[in-house]
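Working notes, beginning with the structure itself.
The values are calculated or read from the model by the stated rules, or taken from the named source; none is laboratory data. Note that the structure is predicted; figures quoted are calculated from it, not measured. Here Cβ is always computed from backbone atoms with ideal geometry, including for glycine, and neighbour counts include all displayed protein chains. Areas reflect the complete protein model, heavy atoms only, side chains present, ligands, DNA and RNA absent. Shrake-Rupley method; radii C 1.70, N 1.55, O 1.52, S 1.80 Å.
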Amino acid sequence: MKKLLLAILCVFQINLIFAASAKYESENYNLNLNYNDVITPGDAIFVRMNITIPKTHKKTRNEPPKKATLQLLQDKKVIESAPFYQLKSKKANITEMLCGIPVSLWLKEGNYSIKLIYADTDTDIKEFILPSHLEMRNFPEEVLQLDERNTNIKTDTSPERAAQIEKLNNILFTTLPSDIFSLKKFTTPTESQRYTAYCGDRRTYVYTNGKSSTSLHYGNDYGVPTGTEVKACAAGKVVMAESRISTGWSVVVEHLPGLYSLYYHMSELSVKEGDMVSQGQLLGKSGATGLATGPHLHWEVRLNGSAVRPEFFLNDFAFEED
């Protein structure tokens, strides 16, 4: 007889992330989940799932791999979705999986829920709504008066800039299930605590011709002098290291499937594309290249193509410390 025990087991705070646990038990397998249950604009939802198979279970030759999907719903509409990827497990009868989905910086008040879909076989498919709650966040607004140089960069419609944007987007929207380089919480790329802008800031750019445009700021800016060391926030693979029109000397590091950190406006680079880096390794030095009103480091984190506040990942987001 199957027994459903999907419920909150404990709720506690890990710095900025609220974590919860839930489980499902049946005769054929048990699911144990850890996840952050607060839905907040600009953050992410991560779920780590352990699938325990009874030791008496005899695995068949053609037994399909376990599959699971994580969804964020507004009412009954799916607004974010991603498949789980498998982690290495020390026990033969336990499969560990992880998945993260971004919560939009534009998210508004509404009725949201987190759904997990688990397929043990093609016919044994379970759907669970994980208990959660919404916490809204206010983002500041600012107006930036651009000089002629920065106006020309911001309004550049050249094929070269368009190709650079397309290349970066192709990287940030790439998810490779095998690329698991780090599950540790991030560290900041500089020791400075002087922030000049934050991820999610609503910006209005005023050009020298009197026109303007509005957009979101996708990362945190550190007001540091040119030449400040910039270090990798976590271990990973360098997937971009080059000069770009908008972001100057730039580095992009892949950490997990779909999870990337970005470092912009540097004066020099210490790595090249294809390098494997460790947490805290030197990537280059800060500067004011590209669209910049002064020397600073722009640090950005993308998950499945969407910007997520870097502060989120300074916590145990992958539940490694449980």
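Can you name the residue in region 66-81 that is closer than 17 Å to residue 49 by Cα and modelled with pLDDT under 95 and, of all such residues, is least open to solvent (accessible area, probe 1.4 Å)?
66
From (1) more than 19 Å from the chain's Cα centre (by Cα); (2) over 16 Å from residue 180 (Cα atoms), pick out the condition that doesn't hold for residue 250.
Checking residue 250 against (1) more than 19 Å from the chain's Cα centre (by Cα); (2) over 16 Å from residue 180 (Cα atoms), the one that fails is (1).
Scanning for something surrounded by fewer than 23 Cβ atoms within 10 Å (Cβ to Cβ), part of a strand (DSSP E or B) and free of Cβ contacts under 8 Å to residues at least 60 places away in the same chain, does region 285-299 turn up at least one residue?
Among the residues of region 285-299, at least one is surrounded by fewer than 23 Cβ atoms within 10 Å (Cβ to Cβ), part of a strand (DSSP E or B) and free of Cβ contacts under 8 Å to residues at least 60 places away in the same chain, which makes the answer yes.
Considering each of 144, 98, 107 in turn, give the residue that is in a strand (DSSP E or B), modelled with pLDDT of 95 or more and of a type outside the set (Phe, Trp, Tyr).
98
Suppose we filter region 199-253 for residues that are buried (at least 17 other Cβ atoms within 10 Å of the Cβ), among the small types (Gly, Ala, Ser), touching a strand residue (DSSP E or B) at 6+ places or on another chain (Cβ under 8 Å) and under 14 Å from residue 154 (Cα atoms); how many remain?
Qualifying residue count for the region: 1.
For residue 210, all conditions in the list (1) assigned to a loop (DSSP other than H, G, I, E, B); (2) at pLDDT 95 or above hold save one; what is the number of the exception?
Going through (1) assigned to a loop (DSSP other than H, G, I, E, B); (2) at pLDDT 95 or above one by one, residue 210 breaks only (2).
Among the listed residues 220, 209, identify the single one that is among the polar types (S, T, N, Q) and either closer than 22 Å to residue 140 by Cα or in contact (Cβ under 8 Å) with a residue 60 or more places away in the chain (or both).
Answer to the check: 220.
Just checking, does region 175-183 include any residue being in a strand (DSSP E or B) and surrounded by fewer than 19 Cβ atoms within 10 Å (Cβ to Cβ)?
No: region 175-183 contains no residue that is in a strand (DSSP E or B) and surrounded by fewer than 19 Cβ atoms within 10 Å (Cβ to Cβ).
Within the set of pairs 6 or more residues apart or between chains, which connect a residue that is under 19 Å from residue 21 (Cα atoms) and open to solvent by 20 Å² or more (accessible area, probe 1.4 Å) inside region 109-134 to a residue that is among the basic types (Lys, Arg) and modelled with pLDDT of 90 or more with Cβ atoms less than 7 Å apart?
Close Cβ pairs (under 7 Å, with a partner that is among the basic types (Lys, Arg) and modelled with pLDDT of 90 or more) amount to 127/115; 129/115.
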